[in-house]
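Here's the structure we're looking at; comments come further down.
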Amino acid sequence: MNEYDSNRIYDLTSAIGFKKTDIKKDADCFVLNTCHIREKATEKVYDEIGRVKKDFKNLKKPLVIVSGCVAQAESGEMIKREPYIDMVIGPQSYHKIGDLIFNYQRKKQKINETEFDVIGKFDYLQKISNSQNKISSYITIQEGCDKFCHFCVVPYTRGPEYSRPFEQIINEAHTLVSNGAKEIILLGQNVNAYNFYKNNKNYKLSSLINELNNIKNLKRIRFTTSHPKDMTEDLINCYKDCEKLMPFLHLPIQSGSNKVLKSMNRKHHREDYMSIIKKLKNINKDIKISSDFIVGYPGETEKDFNDTIELIKKVGFINSYSFIFSPRPGTPANEKKLNNTEESEKRLRKLQNILENFQLENNKIYLQQYCEVLIENKLDNQEKYFGRTKFMTPVIFESENCKPGELVNVKITTFNQKNLFGFHKANKEKAA
Ligand code: SF4
């Protein structure tokens, strides 16, 4: 989502005359668009500003803006701690960046803009054309979260759940497809909680997918990140009805233990999760799943951990994110007693080994097979291309006659844990 926001910030600032530069010292304005999910996010922002300060020691001071979730969480404190910062702008206020820059240039007063103005944001953004021209392009359809998992900062930094108007999203999708996009990834902190009402009609994520499925030059549709609680039947049925929806789902579970899920306030049980997987596999037995795991959550016992391992083995995730629990200030889990670090590290290693093996085994399946790949770009200075399979696996391959945006069948000749490698020749083989 930060990549989407950064692109939109670029569209907004270019509307008032700014241009991107790759030469750091040429910049007269820095925007640090920040994420608060990872550990030590705040300190990393101050480190980066320290580097800008050093580079501009003998030069005219640039305008320094911190936007995104760190700006939201830290607010005016950032300007107090680091006076080199001129402005902090929260993720729901960045549409105002043009006016804020003009105000700052006129009055030279520091600005702290961290209101939750998500409706105003998307109303404003629809007037500024989305200039993204990537083969695989993002559209934010939903923001914020009402779930309040006890470990997570999102409800505090992005605010309550908000769904963008249906037509606004479809119009943006048409713009991106006419810019050259062949794949659209619908984004939201709780993307499958998308819920928009107009004229007594209720539009859900499934309505969006069905509508996108009709866009002629669009080849692939994906969405992320979903919550198990919102995996409704209509959405599951899209995997049957919409051929452009890719057979791959990222569905975070966090833990395989019901006791830990309750303590995390996840609002679902492992049985709910397994029932979703079963329904999806009934529709398409080849559908593949990835997930997120938190290891060593306060109170996690060996048995709880083994429940997670057992669930991983049952589902056979093809690639997943896993971390040791780390407390975030302001969240309920921040108050809990931490588990033993050594034990958590040992558990994480075990869990990651199992996940990595599944990933390797999954990649091995493609050896000497043909895979359908959407080409995203040509690699710099090489006769090689980069693309992804239907299941998001990266593929690097040689070809003499293809171009970005095409769907091609690539013969896989080798692989590692994360990537497949091969070559493409015009052929009639059927791809996986
Ligand atoms: S559902 Fe996701 S975004 Fe919402 S609080 Fe839980 S982890 Fe955070």
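Summary of values
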{"quantity": "Neighbours by Cβ (under 7 Å, 6+ apart or cross-chain): first from the stretch 146-162, touching a residue at least 60 places away in the same chain (Cβ under 8 Å) and more than 20 Å from TYR297 (Cα to Cα); second near the ligand (Cβ under 9 Å from one of its atoms) and in a loop (DSSP other than H, G, I, E, B)", "calculated": "ARG158/GLY144; ARG158/CYS145; ARG158/GLN189; GLY159/GLY144"}
{"quantity": "Hey, GLU398 closer than 22 Å to ILE289 by Cβ and of a type in the set (Asp, Glu) or not", "calculated": "no"}
{"quantity": "Filtered residues of the stretch 167-182 (kept if surrounded by fewer than 20 Cβ atoms within 10 Å (Cβ to Cβ) and in contact with a Leu (Cβ under 8 Å, 6 or more places away or on another chain))", "calculated": "ILE170, VAL177"}
{"quantity": "Neighbours by Cβ (under 7 Å, 6+ apart or cross-chain): first from the stretch 261-284, under 17 Å from ASN192 (Cα atoms); second within 15 Å of the ligand (Cβ to nearest atom) and assigned to a helix (DSSP H, G or I)", "calculated": "LYS267/LYS229; HIS268/PRO228; HIS268/LYS229; HIS268/LEU261; ASP272/PRO228; TYR273/PRO228; ILE276/PRO228"}
{"quantity": "Enumeration of residues in the stretch 226-255 that are assigned to a loop (DSSP other than H, G, I, E, B), under 20 Å from LYS281 (Cβ atoms) and within 16 Å of the ligand (Cβ to nearest atom)", "calculated": "SER226, HIS227, MET231, THR232, LEU251, PRO252, ILE253"}
{"quantity": "The one condition in (1) in contact (Cβ under 8 Å) with a residue 40 or more places away in the chain; (2) of a type in the set (Val, Ile, Thr); (3) farther than 26 Å from VAL373 by Cβ; (4) more than 14 Å from the ligand (Cβ to nearest atom) that ILE169 fails to fulfil", "calculated": "(1)"}
{"quantity": "Selection count where residues are surrounded by 22 or more Cβ atoms within 10 Å (Cβ to Cβ) and either assigned to a helix (DSSP H, G or I) or aromatic (Phe, Trp, Tyr) (or both), scope the stretch 256-275", "calculated": "3"}
{"quantity": "Count of residues meeting criterion [assigned to a loop (DSSP other than H, G, I, E, B) and among the basic types (Lys, Arg)] in the stretch 1-23", "calculated": "2"}
{"quantity": "TYR84 vs. criteria among the aromatic types (Phe, Trp, Tyr) and crowded, with 22+ Cβ neighbours inside 10 Å", "calculated": "no"}
{"quantity": "Check on GLY90, among the small types (Gly, Ala, Ser) and crowded, with 16+ Cβ neighbours inside 10 Å", "calculated": "yes"}
{"quantity": "Criterion violated by LYS378 - all others in (1) under 23 Å from ARG270 (Cα atoms); (2) out of contact with any helix residue (DSSP H, G or I) (no Cβ under 8 Å at 6 or more places or on another chain); (3) charged (D, E, K, R) satisfied", "calculated": "(1)"}
{"quantity": "GLN109, sole failed condition from (1) surrounded by 15 or more Cβ atoms within 10 Å (Cβ to Cβ); (2) more than 16 Å from the ligand (Cβ to nearest atom); (3) in a loop (DSSP other than H, G, I, E, B)", "calculated": "(1)"}
{"quantity": "Residues that are away from the ligand (no atom under 16 Å from the Cβ), of a type in the set (Val, Ile, Thr) and under 16 Å from the mean Cα position of the chain (by Cα), drawn from the stretch 132-147", "calculated": "ILE139"}
{"quantity": "Cβ-Cβ under 9 Å pairs, at least 6 apart or on other chains, the stretch 180-197 side free of Cβ contacts under 8 Å to residues at least 60 places away in the same chain and in a helix (DSSP H, G or I), far side away from the ligand (no atom under 16 Å from the Cβ) and among the charged types (D, E, K, R)", "calculated": "ASN192/LYS204"}
{"quantity": "Unmet requirement for LYS303, which otherwise passes all of (1) touching a Lys or Arg at 6+ places or on another chain (Cβ under 6 Å); (2) surrounded by fewer than 19 Cβ atoms within 10 Å (Cβ to Cβ)", "calculated": "(1)"}
{"quantity": "Search result, residues across the stretch 330-376 that are surrounded by fewer than 14 Cβ atoms within 10 Å (Cβ to Cβ) and in contact with a Pro (Cβ under 7 Å, 6 or more places away or on another chain)", "calculated": "LYS337"}
{"quantity": "Hits in the stretch 186-200 (condition: within 16 Å of the ligand (Cβ to nearest atom) and either aromatic (Phe, Trp, Tyr) or buried (at least 19 other Cβ atoms within 10 Å of the Cβ) (or both))", "calculated": "LEU186, LEU187, GLY188, GLN189, ASN190, VAL191, ASN192, ALA193, TYR194"}
{"quantity": "Criterion violated by PRO329 - all others in (1) at pLDDT below 95; (2) part of a helix (DSSP H, G or I) satisfied", "calculated": "(2)"}
{"quantity": "Search result, residues across the stretch 279-326 that are farther than 26 Å from ASP241 by Cβ and in a loop (DSSP other than H, G, I, E, B)", "calculated": "GLY296, TYR297, PRO298, GLY299, GLU300, THR301, PHE325, SER326"}
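Quick grid of which residues meet (1) surrounded by 18 or more Cβ atoms within 10 Å (Cβ to Cβ); (2) within 16 Å of the ligand (Cβ to nearest atom):
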residue: ILE184; (1), (2): yes, no
residue: ASN202; (1), (2): no, no
residue: ASN217; (1), (2): no, no
residue: THR224; (1), (2): yes, yes
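The values are calculated or read from the model by the stated rules, or taken from the named source; none is laboratory data. Nothing here was measured: the structure is a model prediction, and the numbers come from that model. Ideal geometry is used to build each Cβ from the backbone, glycine not excepted, and the neighbour counts take in all protein chains shown.
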